[in-house]
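Everything below concerns the one structure shown next.
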Amino acid sequence: MRVTLVIVGVVLIAVGVVWVLQGSGHLAGSFMTGSRFWEWTGVVALVAGVVALARGLFGSRTRGVPGGT
């Protein structure tokens with residue numbers, strides 16, 4: 001599960017960066033170029049990717065109940 005979160009996080013961050021650059025007009029050549037919608041969608045993808053990556057890298061590990069069986 002942790003590896004999956006890391007992979008999903010990295011992919012979301014990469015896609016988010018591309019969408020932000022296209023939406024802000026810094027990366028031309030697409031119907032998304034210059035569209036505020038894609039700029040903000042990229043920001044949301046970036047935030048979700050950072051959260052997923054952080055949970056995958058630093059999330060709590062499943063452990064048994066202390067003192068339990």
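Summed over region 15-25, the residues that are closer than 23 Å to Ala52 by Cα and surrounded by fewer than 17 Cβ atoms within 10 Å (Cβ to Cβ) give a count of 3.
For region 26-56, the set of residues classified as surrounded by fewer than 13 Cβ atoms within 10 Å (Cβ to Cβ) and part of a loop (DSSP other than H, G, I, E, B) consists of His26, Ala28, Gly29, Phe31, listed by residue number.
Got at least one residue in region 37-47 being in contact with a Leu (Cβ under 8 Å, 6 or more places away or on another chain), at pLDDT below 95, over 14 Å from Ile7 (Cα atoms) and not charged (D, E, K, R)? So far as region 37-47 goes, no, none of its residues is in contact with a Leu (Cβ under 8 Å, 6 or more places away or on another chain), at pLDDT below 95, over 14 Å from Ile7 (Cα atoms) and not charged (D, E, K, R).
The values are calculated or read from the model by the stated rules, or taken from the named source; none is laboratory data. Remember, predicted model here, so these are calculated numbers, not experimental data. Positions of Cβ are generated from backbone atoms using ideal geometry, with glycine treated the same way; all protein chains shown enter the neighbour counts.
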